[in-house]
Amino acid sequence: MTKSYQLILILFFIAFIVNSCSSGDDEMIPEIKEPEVQTFDALLGNKGGVHFSGQFSSNGNNISEAGFEYGEDSTFNAKSVILVEPTPENHLRYFLASGLDQNAQYYYRAFVKSSNKIYTGEPDSFISEGSIVPEIDSLSQEFTHLADTVKVFGRNFRDPNHETNLEMGYSLAEIISLNDTVIEFVVPTFMSNITNDVRVKIDDRVASYSEITLYKPTIEKIEPIVALIGDTLEVVGNHFDFANDRNKISFGRSTSTVIKSERKKIQVVVPFTLENVSDSITLRSQLQEVGYPVFFSLAKPKINSITPLNATFREEITIKGENFDYDKSRNKVYFGEVEAVITYADKNTLKVLVPDDLQESVEDIKVFAQLQSATFEDQFQLLPPEINFINKDIHAGQNISIEGKNFHPIFSRNKVTIEAIPVNVTSGNSEVLETKIPLGPFPRRKAKVKVSLLDIEVEYEVDLNIIDKWVMLSDSLPFRFRRGPNNTVVVNNEAYILAKEKDNFVDDKLFLWKFNSSDYSWEKINNEIPEHATVPSGILETNGDEIFYYTANNSNDFYKYVIEDNKWVKMSKFPGNRRDYSAHFTVGKDIFIGLGTDLKPYTPVNYTDFYKFNSQTNEWSQISELPLDIWGGRRRTGMASFVINDIAYLAGGADNTGDYDAWSYYPESDTWRQIADFPITNHEGVGFQLNDIGYVTGGAPVGGSRLNRSWVYLPSTDTWEEGDSIIEGRGWHFSFVLNGKAYIGGGDNDSGGSPLDNFYEFIP
């Protein structure tokens, strides 16, 4: 009973409580209203933007969000939402600075959110005057470098509808971070000014700030300051650019290659295009140029040794030294004036091939490197060719092989003469030359074979026997020659003479004739001889390669004949007084003219002065006068001359019976020395040298007739000997030596007589 009773009481109590609660709710819970929202009129900002305002009443509802909606669509289908923190009085306020287009109509309304439901006020509209203008307050720094990062502080830097750009000067900068109050950007590398304004641009709104300046670079030292082309130098200083291509270092007008750049250090290569041995160094960085007070200099090359110093064509030689260029192309090695092929190069070693175009057998070796030259103290000597074997018995016109070594590998560069007659080399190499025996002349019935390379001439020790039954011999003169212009010259193994046509007595012009040694014929090769009026006392000379003509006219004109162009070119005038029948000779490339007498005045004027013409520079200079004895007489005209081993000899030209004296001239010391007296007081004779022996042919003693005699001078014993007869007496003739034989011709055999037209050959 007790437990049942207790259960009944409990159930009753619960029922009472439930019933009491139900009755109380109907009396206490009021009706809940929705939130109420008001939208106030928009207020345009003074510098753009718009002020939004509104108010709401929650009416007891929980408000989770509040703010404004706006857009250009009155239905708010396309809208932007701005969340705003309400004031304690439930006011809503917001200043919209950006995202507004000028003169556009916008709609906006306030809203609140409660229980995931949006409640809005009545919409309002306004005509926008655009977003607010950005403002710059300051920069993170006033000095900077290209590509540095700089911050701009201010406001209104962002606009959701427009891109924010930043400019330095006229250059657009890269923005790396951006919010409404801070812009972080990279200084442009392509600016044109050192000092620039900073501008923030949003659409057509611009904010400017003055100003930011690039640091000026400084150079403290450069090491090394003496180096080689291609070496690496280190430039130490400050405010350099980190990028190699924005640091420009110039050596004079040559720009170098920068290989490493740091703010305080640059590594640079000495440029290959350097123009000067010593030059200024300038740096252009941060759009500014600075110089270094000490000039950079290239180290001078030096040659320590050359091995071997005697070699043949295309043989490799090694040059040891210092300060060469490691690049073969930037070294030049010359044998004389001829460049050699470099096969290997480093800073201390050059390997080169003896060049095919060597001009002389003995040459200086010069190295050009680092824009400078170095010449080795000892000269290079070309190994002479050697002739080892030739078939001894041959016929004219027969092909022969010349066996030996050290010939030129280009067969046409080897010059072969057979009995002093040049022949063509048809094929060959450095050990064999193929050629042909000429048709003649061979008056000795023997032939001497010689091979010439440059200035080296070697001959086969065995004379070849011409086994033909008939041997050619001829002579002829198509011109008349008496007195001059004196004398015949030999250029490139061919003889030339100025003379008048033999049978032409109407035209008194001089013509240039060339002798053909293969058939003893003469060819007229030029009919435009300058100053061709008859001046028999003119002079024809040569430096071995070119022909020169002293006219002996009133203007002392002097000409050079260019064989390749077949024309005469006027050169520097003879500097002495005009004169007749001067003495003349050539040593090396220098032509010497002096002595003589001016026969035009009523009283002839005698001269003892002498002049030298440098055919390489076209310059005249006076040399020592011939020290003639005043008591023996100072007049010397038409002296015979010859040159042996670069020593000139003069004899004859006598004017009285006491003029026996003869002389030698040493060009290196510019001195005259008297040699043994000439056997007679000769004048009108002609000289030549053959095999290092001097010859004087013909002429006449003072007061005597033309002689058929000749005299020989031996320099080794300083003696004159009687030579072979020249068959006919003659004077004022010409002579020359060609191919180991001497020739004389022309002249006359009686004073005032007709010129002779015969021609003689002399084989010693």
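Bear in mind these aren't lab numbers, they're just calculated from the coordinates by the rules spelled out. For clarity, every value in this text was computed on a predicted model and none was experimentally measured. Heads up, the Cβs are rebuilt from the backbone with ideal geometry, glycines too, and the neighbour counts pull from every protein chain shown.
Around Q398, which amide H atoms from residues at least 5 apart in sequence, or from another chain, sit under 5 Å from its own amide H, with H modelled in the peptide plane?
Those lying under 5 Å, H to H, from Q398 are I437.
For the chain, find the longest principal axis of its Cα atoms and tell me its angle to the long axis of helix 2-28, 0 to 90°, nearest 10.
Helix 2-28 and the main axis of the chain meet at about 70 degrees.
Just from its helices, what would the mean residue ellipticity at 222 nm be for the chain, if runs of 4 or more DSSP H residues each count -39500 (n - 2.57) and the sum is divided by every residue, rounded to the nearest 500 deg cm²/dmol?
Working: 1 runs with 27 residues, N = 764.
Rounded to the nearest 500, the figure is -1500 deg cm²/dmol.
Can you tell me what share of the DSSP beta bridges in the chain is antiparallel? A percent to the nearest 5 is fine. Present the calculation step by step, with values, prior to reporting the outcome.
Working: 220 of 230 bridges.
So the antiparallel bridges amount to about 95 percent of the total.
Relative to 2.2 N^0.38 Å, what does the C-alpha radius of gyration of region 678-764 come to as a ratio? Two decimals please.
Numbers: Rg = 12.4 Å, N = 87, 2.2 N^0.38 = 12.0 Å.
Dividing the Cα Rg of region 678-764 by 2.2 N^0.38 Å gives 1.03.
What span do the alpha-carbon atoms of the chain cover on each of the three principal axes, reported in whole Å from largest to smallest?
Sorted largest first, the three principal extents are 193, 75, 49 Å.
What distance in nm separates the two pseudo spin-label positions at I194 and I176, each 7 Å out from Cα along the beta-carbon direction?
2.6 nm
Determine which lysines satisfy two conditions relative to K151: a Cα distance under 19 Å, and not lying fewer than 8 residues away in the same chain.
K201
What does the charge dipole of the chain about its Cα centre add up to, to the nearest 20 debye, if the Cβ of each Lys and Arg holds +1 and the Cβ of each Asp and Glu holds -1?
Details: 70 positive and 109 negative charges, 270 e Å.
Computed about the Cα centre, the dipole is about 1300 debye.
Could you list S58, S555, S140 so that the one with the fewest beta carbons within 10 Å of its beta carbon is first and the one with the most is last?
Working: S58 18, S555 11, S140 14.
Taking fewest neighbouring Cβ atoms as first place, the list is S555, S140, S58.
Using a cut-off of 11 Å between beta-carbons, work out the net charge of the residues near N543 (Lys and Arg +1, Asp and Glu -1, N543 not included).
Residues near N543 contribute -2 overall.
What is the sum of charges around Q674, taking Lys and Arg as +1, Asp and Glu as -1, for the other residues whose C-beta is under 11 Å from the C-beta of Q674? Spell out each step's value before the answer.
On the way: positive: R673; negative: D629, D661, D677, D718.
Its environment carries a net charge of -3.
Over the Cα atoms, compute the radius of gyration (one decimal) and Dmax (the largest Cα-Cα distance, rounded to a whole number) for region 302-382, in Å.
11.0, 29
For region 89-166, what is the convex hull volume of the alpha-carbon atoms per residue, in Å³? Can you show the working numbers first?
Working: hull volume 13.7 nm³, N = 78.
About 175 Å³ per residue, rounded to a whole number.
Within the set K509/K741; K514/K741; K248/K300; K302/K347, which residue pairs have Cα atoms separated by over 20 Å?
The pairs that break the limit, which is 20 Å between Cα atoms, are K509/K741; K248/K300.
Spelling out what I want: for every residue of region 223-238, take phi, set θ = phi - 60°, compute 6.51 cos²θ - 1.76 cosθ + 1.60 (Karplus), and round to whole Hz; glycine and proline get x.
Result, rounded to whole Hz: 9, x, 8, 10, 7, 10, 4, x, 5, 9, 10, 10, 9, 10, x, 7.
Which shape class, rounded, prolate or oblate, goes with region 386-458 when its Cα gyration tensor gives a ≥ b ≥ c as root eigenvalues, a/c under 1.5 marks rounded, and past that a/b bigger than b/c marks prolate?
Details: a/c = 1.77, a/b = 1.57, b/c = 1.13.
It is prolate, given that a/c is not under 1.5 and a/b is the larger ratio.
Using θ = phi - 60° and the Karplus form 6.51 cos²θ - 1.76 cosθ + 1.60, what ³J(HN,Hα) does each residue of region 166-183 get, whole Hz, x for Gly and Pro?
After applying 6.51 cos²θ - 1.76 cosθ + 1.60, I find 10, 10, 10, x, 10, 10, 7, 9, 7, 8, 9, 7, 7, 9, 5, 10, 9, 10 Hz.
Could you give me the ³J(HN,Hα) list for region 568-574, computed from phi with Karplus coefficients 6.51, -1.76, 1.60 and θ = phi - 60°, whole Hz, x at Gly and Pro?
9, 10, 6, 10, 4, 5, 4
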